[in-house]
Structure formats: C-alpha cells, structure tokens
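Read the structure below first, then the notes.
The values are calculated or read from the model by the stated rules, or taken from the named source; none is laboratory data. In this text the structure is predicted, and so the values were computed from the model without any measurement. For neighbour counting, all protein chains shown are included, and Cβ atoms are generated from backbone atoms with ideal geometry for every residue, glycine included.
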Amino acid sequence: MKCVFCGSTDNKVVDSRYLKDSSIRRRRKCLNCGMKFTTYETVEKSPLVVLNVFNEREPFKFEKLLESINTAAYCRDLVGKTSEEICSEIEKKLLALKKQEITTSEIVDVALPIIKEVEPMVALVYFTQHTDCQDYNKIRIFINR
Ligand SMILES: [Zn+2]
C-alpha cells in the first residue's frame, strides 16, 4: 500500500475497524513521512454460485451460511470452534469441490460432518432446517450416520 503523500510502501497500521458491510477500515501511518492515511479492505465475493431448491441461481453468501448455523446453534453452545470458523471450513471444502455451481443439498452434505464434529445437536437442527421434515426416514438415517 503506497503512501498517498510520498509514495513510500513502508507503513504501519495504527487502527483497524470492522464496518457493517464486513469491510475493514485501516488507519495507516507512513514510516517515511509520518503522514496518516486510510485504506479500506473488502473480502472478494465468493466465486461460488448456489442453485437453490427453487432452481434459482444466487451467489454464495458467507453471511447467509453463518446466519443459518447461528440459528441452528441456538440450542447448544458451540465449543472449540466459532460459527465463523465452521463457515470458513465449509466454504473451503465447497471451493475444493472445484465446481462453480453447487446445490443447496451439496452445501448441507458438506456442512453436516463439519458441524457434527463440533456439536451433533446443532448439526441435527441444521439438518432438519434444510430438509423436508415430513420425511422422518431421512432424519432416522441422519441420526444413525
Ligand atoms: Zn509518506
């Protein structure tokens, strides 16, 4: 990051703040001229496209996955891993599939073992939220897995 005053790339971050849109605002101090300037960092949008149950395509949203895991985790505290860490792991696994387009059920398939390892009850709640619960057989299969 070049200093806007002198062009030097030597600087240090003196303050970082998370903004509502999940970008980060950083105050930097140039180590060459001592002037301060501000930079903004945003996370690159995931290249994944989700084909949802209505056969509609939508960009994969980390926040949406996070929300669904947080909702499922209302019954039990996640111990050992935060929901953010679980989501990152799920996203990493999804990217490793090397598919641009994934279905909602593929996300659930990838997510379940990861959540289950942290807290099986939360995995069960997540599973029932994303599966047709009329189908008790599926739930029985899940429990026996
Ligand atoms: Zn400078």
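What the table below lists for this structure:
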quantity	calculated
Subset tally (residues that are exposed (fewer than 14 other Cβ atoms within 10 Å of the Cβ) and either more than 15 Å from the chain's Cα centre (by Cα) or in contact (Cβ under 8 Å) with a residue 60 or more places away in the chain (or both)) for region 72-91	5
Test: I107 is of a type in the set (V, I, T) and crowded, with 16+ Cβ neighbours inside 10 Å	yes
Every pair of residues 6+ apart whose Cβ atoms lie under 7 Å, when the first sits in region 1-28 and is among the polar types (S, T, N, Q) while the second is away from the ligand (no atom under 14 Å from the Cβ) and at pLDDT 90 or above	S16/R26
Test result for C30, near the ligand (Cβ under 9 Å from one of its atoms) and touching a Ser or Thr at 6+ places or on another chain (Cβ under 8 Å)	yes
Lone unmet requirement of (1) surrounded by 15 or more Cβ atoms within 10 Å (Cβ to Cβ); (2) within 16 Å of the ligand (Cβ to nearest atom) for M35	(1)
